[in-house]
2 protein chains.
Amino acid sequence: MTNAEPWSALGEFIRSQRQLARLSLRQLAELTSVSNPYLSQIERGLYRPSAQVLKSIAEALHLSAETIYAEAGLLDQRGAETAASPRVEAAIRLDPELSTEQKEALIQVYRGFLRGR
Amino acid sequence: MTNAEPWSALGEFIRSQRQLARLSLRQLAELTSVSNPYLSQIERGLYRPSAQVLKSIAEALHLSAETIYAEAGLLDQRGAETAASPRVEAAIRLDPELSTEQKEALIQVYRGFLRGR
DNA sequence: AGCGTTTGCTTGGTAGACTTAGCAACACGT
DNA sequence: ACGTGTTGCTAAGTCTACCAAGCAAACGCT
């Protein structure tokens, strides 16, 4: 059964990158400390590897983690469109300079403004 | 048993972001189509969520996937946090829902908070 | 007081991510 | 011809990410 799972594109991508790097399955397995049979299964699209496995593969192949995550469809590629409103709240929440209470207060004010218009 | 797994920082981060967004576990569960008990376990650091779960959480909380991956240590990538202050102000200025006066007021409040600490 | 709802959590179970052991086919040196 | 090493793969098992069902405590609301 030549089974082509929808996400197998990732596996083929990894395999091609590995071959371009002239690495055998076992060599890549050693570099990533992932078992070689499992790597084989990943490349054939039988399983979807966890993020940590993806990350170590990326490092071993000298790819950026983003590249491989994007290929895996885990990184809604290119700046998410995100409507404007949530962007303000998100920016506030991530600000390391503010305390939790200050964040909540700011968001309350912001929502109050939205409510008015 | 107050066990603090090494990766529980991620869980605490998610929980704080969820609470700042004023969402209950079940609300976030619905948004992410992840079961609420599992979310609870993630937030308490009992399990490490897969990349796809992380991604949907990021979307529901209006965070970039990169942000949450970085928090999970899956994206050791370069300087993640960056200067946050300009980001909040920029987001406010770009918000089309706010009037000019409202934007100025919000930024005044924000700068007041920064002044304090 | 009572009942409905909402909160977060525990329990039991399933599936799939991942491993160790091992196999068949192909290359090489003798 | 026979080793020995390499290649990728299969088989069988373990572990854990994840879900459905359900529970106790806290909240209204009447």
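From the list A:Gln41, A:Gln27, which residue is in contact with a Gly (Cβ under 9 Å, 6 or more places away or on another chain), within 9 Å of DNA strand D (Cβ to nearest atom), polar (S, T, N, Q) and modelled with pLDDT of 95 or more?
Result: A:Gln41 is the single residue among A:Gln41, A:Gln27 that is in contact with a Gly (Cβ under 9 Å, 6 or more places away or on another chain), within 9 Å of DNA strand D (Cβ to nearest atom), polar (S, T, N, Q) and modelled with pLDDT of 95 or more.
Between a residue in segment B:44-59 that is within 6 Å of DNA strand D (Cβ to nearest atom) and any residue that is of a type in the set (Gly, Ala, Ser), which pairs come within a Cβ distance under 7 Å, given they are 6 or more apart or on different chains?
As it stands, the answer is B:Ser50/A:Ser50; B:Ser50/A:Ala51, since those pairs meet every condition given.
The values are calculated or read from the model by the stated rules, or taken from the named source; none is laboratory data. Predicted model only: the values in this text are computed from it and were never measured. Here Cβ is always computed from backbone atoms with ideal geometry, including for glycine, and neighbour counts include all displayed protein chains.
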